[in-house]
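Following: one structure in structure tokens, then a few remarks.
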Amino acid sequence: MKVLISYSGGKDSQACLIWAVKEYGVENCEAVFCDTGWENPATYEHIETTCKELGVPLVILKSKKYDGFIALARKKKRFPSTNARFCTSELKVIPSIDYVLSHTENVIVVEGIRKSESFSRSLMQPACTYFKSYFETNAKGKTQSYRKKDVLAWCEKYNADRIRPIFDWEAQQVIDYIRDNGQQPNPLYYQGFTRVGCFPCIMSRHGGVKRIIDNFPQQWAELKKYEKELGTTFFPPDYIPAYAKTQRAPGGKPICTAEDVERYLKARNATGDIFEEDTPSCMSAYHLCE
């Protein structure tokens, strides 16, 4: 039996990696990282370092169809959005399914999902079968279709369980668990970030984006460059107020460009209220500066 730990370099998956090594033994574990090509350099380094410290083999998965996040956006002629998260399905879900199907033995997939993260996650289960979506219908009355014949044939021979060991934990418990077991969380948390996967992520809040602008100007400049290349915007139309938008789509509707976001967040930061949703840049949300 092989234990596959979905590892993003974030605190939740790191805690699960430590937990799995203690629960199943390092000889049975693999850390599985789906590389989107859109991560912060600190995250890539953190993943490598923590796996070496634990002695866990690191498997890096990439999409066979798209060479990362930007290649996917070029093909789609748009960036993903909260309503069309094809980045997750194409760059993470599909490579992960392919990897599970490559095994000729039973597997356990360990995921760092916590129910307190969001309402949708609170509806999930702490344990289920990995291929559950192939056998149960979703809200639209459909089942998962990607490689369905292969999945059904694989499931006739092998079993894949999905477990979420920190499902009931709070964020501070996760951080404390990592440190109590001799590791440190992703260094981005020390800079005040609360989200470290994808940089930026389409789900990033104002405080996180402002930190990227201030601390990682090169990555921010790349985003602005890709917006101009693709002729589309990264952020949703309602990400900033209408008065802060300076450009319009061909149909005349105001659009939210990265340039506008930067201008708005810098102005808002000057008033001192940008971090009402987040933590100040000089401190961590998880008491890591103490």
Self-check item: Label-reachable residues, the stretch 30-51, where backbone N falls under 19 Å from a point 7 Å from residue 184's Cα toward its Cβ
Solution: 40-51
Practice problem: Roll a 1.4 Å probe over the protein heavy atoms and report the accessible area of residue 46 in Å², nearest 10. | Solution: 20
Practice problem: Pull out the extension gain between residue 78 and residue 104, defined as 0.36 nm times the separation in residues minus the alpha carbon to alpha carbon distance; nm, one decimal. | Solution: 5.6 nm
Quiz prompt | Charged-residue dipole, Cβ positions (Lys, Arg, Asp, Glu), the stretch 132-277 about Cα centre, Debye nearest 20 | solution = 660
Quiz item: Which Cα, out of 68, 116, 141, lies furthest along the positive dipole direction of the chain (beta carbon charges, K/R +1, D/E -1)?
Solution: 141
Practice problem: Sort all Cα-Cα distances of the stretch 95-189 into consecutive 5 angstrom bins from zero, then give the percent of pairs in each bin up to the one containing the longest distance. | Solution: 2, 11, 18, 18, 17, 14, 10, 7, 2, 0
Quiz item: What's the percent breakdown of Cα-Cα distances in the stretch 181-229 across 5 Å bins, shortest bin first?
Solution: 5, 19, 28, 24, 11, 7, 4, 1, 1, 0
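Run the dipole for the chain about the Cα centre, Lys and Arg Cβ at +1, Asp and Glu Cβ at -1, nothing else charged, and hand back the magnitude in debye, nearest 20.
Values: 40 positive and 36 negative charges, 308 e Å.
Around 1480 debye, computed over the chain.
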Quiz item: If you compute semi-axes √(5λ) of the Cα gyration tensor in Å for the structure shown, which of [x] 39, 28, 20; [y] 30, 24, 17; [z] 33, 25, 17 do you land on?
Solution: [z]
Self-check item: Entries in 22/148; 76/224; 115/245; 52/224; 142/245; 92/115 that, when Cα-Cα distance is taken, lie over 29 Å
Solution: 22/148; 115/245; 52/224; 142/245
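Compute the projected area of the convex hull of the Cα atoms of the stretch 17-108, averaged over all viewing directions, and report it in nm² to one decimal place. Present the calculation step by step, with values, prior to reporting the outcome.
Details: hull surface 28.1 nm².
For the stretch 17-108, the mean projected area of the Cα convex hull comes to 7.0 nm².
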Quiz item: Which whole-number value in Å² is the accessible area per residue of the stretch 1-102, probe 1.4 Å?
Solution: 44
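I need the helices of the chain that pass two filters: whole DSSP H segments spanning 15 Å or more by Cα along the axis, and mean Kyte-Doolittle score no lower than -1.0.
11-24, 41-54
Using the crude model of +1 on Lys and Arg Cβ and -1 on Asp and Glu Cβ, and no other charge, please compute the dipole size for the stretch 44-162 relative to its Cα centre, in debye to 20. Intermediate values should be presented prior to the final figure.
Working: 22 positive and 13 negative charges, 172 e Å.
So the magnitude is around 820 debye.
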Quiz item: Hey, any idea what Rg/Rh is for the stretch 197-274, computing Rh the Kirkwood way over Cα pairs?
Solution: 0.95
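The values are calculated or read from the model by the stated rules, or taken from the named source; none is laboratory data. Keep in mind the model is a prediction, meaning the values are calculated, not measured. For neighbour counting, all protein chains shown are included, and Cβ atoms are generated from backbone atoms with ideal geometry for every residue, glycine included. We work out accessible area using only protein heavy atoms, side chains counted, and drop any ligands, DNA or RNA first. Shrake-Rupley method; radii C 1.70, N 1.55, O 1.52, S 1.80 Å.
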